[in-house]
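Report on one structure; see the data block that follows.
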Amino acid sequence: MVAISAHSSSYCAVASHNKPYFFHKLRNSISISSSPFSLTRKISCRASPSLAAESPLTAKVGNGLKDFIHIDDFDKDTILKILDRAIEVKTLLKSGDRSFRPFEGKTMSMIFAKPSMRTRVSFETGFSLLGGHAIYLGPDDIQMGKREETRDVARVLSRYNDIIMARVFSHQDILDLAKYATVPVINGLTDYNHPVQIMADALTMIEHIGRFEGTKVVYVGDGNNIVHSWLLLAAVVPFHFVCACPKGFEPDAKTVEKARKAGISKIEITDDPKEAVRGADVVYSDVWASMGQKEEAAYRRQVFKGFQVDQNLMDAAGSKAFFMHCLPAERGVEVTDEVVEAPYSIVFPQAENRMHAQNAIMLHVLGK
């Protein structure tokens with residue numbers, strides 16, 4: 001005979017991006033007993049006197065935030081600790097040592113509304129190398145938000161898996177996953193931001209420049225989700241960030257204002273790429289038409305004339321400048337083949353570091 005008793009309801013909250021996103025009702029105490037053996041397990045949640053008062057930095061689970069959704073959900077010390085851990089675990093894996101298996105017995109669902117070679121292979125390989133098992137769920141496997149509501153997907157996968165990674169179109173989808181999931185959710189990309197990419201970029205800069213604090217990063221192209229992620233990082237860690245883009249293609253104004261109001265980094269938005277790149281430590285580019293914007297590709301090629309990263313622009317940047325690109329690149333469009341293949345190009349170490357940065361992020365959210 002099994003007896004289950006529960007007493008006194010309360011709420012747990014996990015918040016992300018300036019407001020609370022989910023409130024999951026639990027019981028203060030659950031007792032399970034049977035004869036001749038008994039097992040008692042208690043689940044406790046602190047009652048919240050004011051749910052509206054929760055913020056991304058007050059709603060914690062375990063030793064840190066439950067999810068990795070926006071870089072500025074974390075403070076500078078936490079970001080730097082994650083990057084230090086990435087270097088540590090990368091060094092271990094590069095040595096051939098496979099004894100570090102913190103994800104042994106754990107599973108991860110990887111939701112892909114948007115396909116990607118780098119995101120899938122880096123997450124799946126990294127999780128496997130550290131002992132875990134990753135499950136790929138492509139666009140037709142779930143049809144999240146169409147075939148099944150996002151909130152239901154989140155709650156079902158939480159009962160199977162220890163962690164969820166999602167690469168989606170709408171930013172609201174990742175917020176809803178985090179709101180309803182009871183396991184950590186990692187943002188593998190949304191139309192608004194791409195935090196794991198920027199963590200890999202910061203790691204790459206540390207390896208090649210020796211730091212990323214105090215550097216000058218110049219992004220040339222569309223004010224897209226990559227730019228938003230750089231801006232959110234600039235709200236936490238001090239450096240000089242410049243976005244050179246055509247008029248009408250600037251990044252989200254509220255995100256720019258948020259980075260400026262933080263008062264930590266120098267932020268510039270300009271339409272003059274040649275002036276912008278002077279003295280840059282990094283010149284950064286991305287495709288002019290992202291997935292979902294391909295019908296605008298011909299129009300954008302006309303608008304973005306003068307924003308191609310070529311050798312002349314790299315010469316204007318100066319001899320210390322590295323070239324970075326989150327890939328895939330349309331060679332001959334936003335960047336020339338010559339620049340991608342140049343000695344100052346670090347796009348492939350940058351791509352490799354997706355795995356190492358993500359490994360450290362997963363270790364952090366799982367408390368390992």
### Message
Leaving out ligands and nucleic acids, and using a 1.4 Å probe, what accessible area per residue does the range 304-347 come to in Å²?
### Response
43 Å²
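As an exercise, identify the trypsin sites (Lys or Arg not before Pro) in the range 69-145 lying in DSSP coil whose Cβ has no more than 14 other Cβ atoms within 10 Å.
Arg98
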### Query
Are there GluC sites (Glu not before Pro) in the range 113-189 that DSSP marks as loop and that have at most 16 other Cβ atoms within 10 Å, and which are they?
Glu149
### Summary
Computed over the range 142-235, protein heavy atoms only, probe 1.4 angstrom, the accessible area per residue in square angstrom equals 31 Å²
### Query
Carbon-plus-sulfur fraction of the accessible area of the range 155-307, 1.4 Å probe, in percent?
49 percent
### Message
Quick check: Cα centre of the range 293-368 to Cα centre of the range 108-160, how many Å?
### Response
26 Å
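The values are calculated or read from the model by the stated rules, or taken from the named source; none is laboratory data. Because the structure is predicted, anything quoted here is derived from the model rather than measured. When we count neighbours, we look across all protein chains shown, and the Cβ atoms used for this are built from the backbone with ideal geometry, even at glycine. For the accessible areas, the whole protein counts, side chains as well, though only heavy atoms, and no ligand, DNA or RNA atoms are used. Shrake-Rupley method; radii C 1.70, N 1.55, O 1.52, S 1.80 Å.
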